[in-house]
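J.: Let me begin by handing over the structure; questions about it come next.
The values are calculated or read from the model by the stated rules, or taken from the named source; none is laboratory data. Everything quoted here is computed from the prediction, not taken from an experiment. With ideal geometry, Cβ positions are generated from the backbone for all residues, glycine too; neighbour counts draw on all protein chains shown. Just the protein is used for accessible areas: all its heavy atoms, side chains included, with ligands, DNA and RNA removed. Shrake-Rupley method; radii C 1.70, N 1.55, O 1.52, S 1.80 Å.
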Amino acid sequence: MRKPLIVRILSSLDTRAWIALAVFLGLALAVVPALHLALPEDSPFHVSTYAITLLGKIMCYALVAVAMDLIWGYGGILSLGHGLFFALGGYAFGMYLMRQASGAGLPEFMVFLDWKELPWFWLGSDSFGWAAVLVIALPAAVAFVFGYFAFRSRIKGVYFSIITQALTYAAMLLFFRNETGFGGNNGFTDFQRVLGHAVTGPGTRLVLFGLTALALAATLVFAAWLVKSKFGRVLTAIRDAESRVMFIGYNPLWYKLAIWVVSAALCGIAGALYVPQVGIINPSEMSPGNSIEIAIWVAVGGRGTLIGPIIGAFVVNLAKSWFTVSFPEYWLFFLGLLFIVVTLMLPQGLVGLWKKLTNKEGAAA
């Protein structure tokens, strides 16, 4: 008899993974807020507002990395345009935040440009519920349309990577234009309130931080269940031998398209959580360089492992925060060197390295 869905989801992670997830949530939902609110700023154990914002931002990146791992690590589809879906989710929620800041009037950038009324696609943007729908539906819809024609045409490999990069670059150029109604070069910023609460208030920041941790944990559990399901097994088979999968009667188009849309929707959620914490969204988030960085996070951590991309996102972005302050002119060189080293010497990333070391220790014992 087939097991209930909730049982299959709970069994997707082993006991150690559930313990690690519980520790992570305990730190994010209890320890960090306590250290931020209860301790004075001069205490060595105080968690600053800057640290909370930085960690919240990196958790959003980690969520994107997991989404990228689903399509690249398990589907064999390397996207160099996932920054587009991340930015679309951010813009969808940013529209709501801009309406909250402007009250009943037009957003500030529209007043500056002497616009007289809201464009049609801004209608309903003052509703949190509508914004939440757009955060998921907009990236998913763009991904569906693009993916359907790309996968139906059997575009794969480096050619698919190139057209995804072209897609995000074209979108970036479009959003840079003032007449598109998305703030042009400056994008959206100067957010004031979300659901009636001050965006920069300590309580709001901690709630956003906690929601990001919960979203990351939920995404990890969902992804683990998905890749261990029949769908995930077929998807992995398509990655390894697509022609054989077609021979036994499966149509790779719908499997690829499904995981592509799911991945885009997850990126949209990450973008929506990112915007109120960082306080800005502009077209630079769609730059091809940002999408390449997403692939680097996955490669550094170890693709096809789920936990590896999270580790990679934290390692690379914490290193980036340190390098851009201490040695800003060398950051890009370090990033390039890191990618080369991982590609040549650590094809399975940091997770693969850890497994090799632990296996050697076990064999020696």
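J.: Roughly how many Å is it from the Cα centre of the stretch 178-234 to that of the stretch 72-137, as a whole number?
T.: With the stretch 178-234 and the stretch 72-137 each reduced to a Cα centre, they are spaced 13 Å.
J.: For the chain, modelled as a Gaussian network with Cα springs under 10 Å, which listed residue fluctuates most, Ser153, Ser12, Ser291?
T.: In this elastic network of the chain, the residue with the biggest mean-square fluctuation among Ser153, Ser12, Ser291 is Ser153.
J.: With θ set to phi - 60°, apply the Karplus curve 6.51 cos²θ - 1.76 cosθ + 1.60 along the stretch 150-159 and write out the HN-Hα couplings as whole Hz, x wherever there is a Gly or Pro.
T.: 5, 6, 5, 7, 6, 7, 8, x, 5, 5
J.: Here's a follow-up. Give the long-range amide H neighbours of Arg193: residues separated by 5 or more places, or on another chain, with amide H under 5 Å away, using H modelled in the peptide plane at 1.01 Å from N.
T.: Ala101, Val199
J.: OK, next. In square angstrom, what is the accessible area per residue of the chain with a 1.4 angstrom probe? Write down the numbers at each step before the final one.
T.: Values: 18280 Å² over 365 residues.
Here the per-residue accessible area is 50 Å².
J.: Further question on the same structure: What number comes out for the charge environment of Arg154, summing +1 per Lys or Arg and -1 per Asp or Glu over other residues with Cβ under 15 Å away? List each step's numbers first, then the result.
T.: On the way: positive: Arg152, Lys156, Arg239, Lys256; negative: Glu242.
With Lys, Arg at +1 and Asp, Glu at -1, the neighbours total +3.
J.: With a 1.4 Å probe and every protein chain left in place, tell me how much accessible area Val194 has, in Å² to the nearest 10.
T.: Counting only protein heavy atoms, the figure is 20 Å².
J.: Please give the FRET efficiency for Leu318 paired with Leu353, using the beta carbon to beta carbon distance and R0 = 22 Å, rounded to the nearest 0.05. Before the final figure, lay out each step's value.
T.: Values: r = 18 Å, r/R0 = 0.81.
So, using R0 = 22 Å, E works out to roughly 0.80.
J.: Now a separate question. Which whole-Hz couplings ³J(HN,Hα) result when phi for each residue of the stretch 183-197 is put into the Karplus expression 6.51 cos²θ - 1.76 cosθ + 1.60, θ = phi - 60°, listed in order with x for Gly and Pro?
T.: Those phi angles translate into x, x, 4, 7, x, 10, 7, 6, 6, 10, 9, 9, 6, x, 10 Hz.
J.: Could you work out how much longer the chain between Ile162 and Val325 gets when fully extended? Use 0.36 nm per residue separation minus the Cα distance between them, nm to one decimal. Intermediate results must be reported in sequence, preceding the final value.
T.: Values: separation 163, 0.36 × 163 = 58.68 nm, distance 3.21 nm.
Here the answer is 55.5 nm.
J.: If you don't mind, there's one more thing I want to ask. For the chain, what does the relative contact order come out to in percent, with C-alpha contacts under 8 Å and a separation of six or more? Display every interim value, and only then the final one.
T.: Values: 510 pairs, mean separation 112.7, N = 365.
Here the relative contact order equals 31 percent.
J.: Let me know the shape class of the stretch 268-318, please: from the alpha-carbon gyration tensor, a ≥ b ≥ c as square roots of the eigenvalues, rounded when a/c is under 1.5, otherwise prolate if a/b is greater than b/c, or oblate.
T.: On the way: a/c = 2.27, a/b = 1.69, b/c = 1.35.
Taking the square roots of the gyration eigenvalues as a ≥ b ≥ c, the stretch 268-318 is prolate.
J.: Straight-line reach only, C-alpha to C-alpha below 18 angstrom: list the lysines that Lys57 could link to, leaving out same-chain residues fewer than 8 apart.
T.: Cross-link targets: Lys320.
J.: How large is the dipole of the stretch 269-365 about the Cα centre if only Lys and Arg carry +1 and Asp and Glu carry -1, each at its Cβ, rounded to the nearest 20 debye? Provide the component values of the computation, followed by the final result.
T.: Working: 5 positive and 4 negative charges, 72 e Å.
Roughly 340 debye, rounded to the nearest 20.
J.: Here's something else I'd like to know. Per the helix-only calculation at 222 nm, which mean residue ellipticity applies to the chain, given -39500 (n - 2.57) for every DSSP H run of n ≥ 4 and division by its residues, nearest 500 deg cm²/dmol?
T.: Values: 15 runs with 256 residues, N = 365.
The per-residue figure over the chain is -23500 deg cm²/dmol.
J.: Roughly how many nanometres apart are two label points built 7 Å out from the Cα toward the Cβ at Leu54 and Thr343?
T.: 2.9 nm
J.: Also: Could you work out how far the C-alpha centroid of the stretch 148-170 sits from that of the stretch 1-49, in angstrom?
T.: 37 Å
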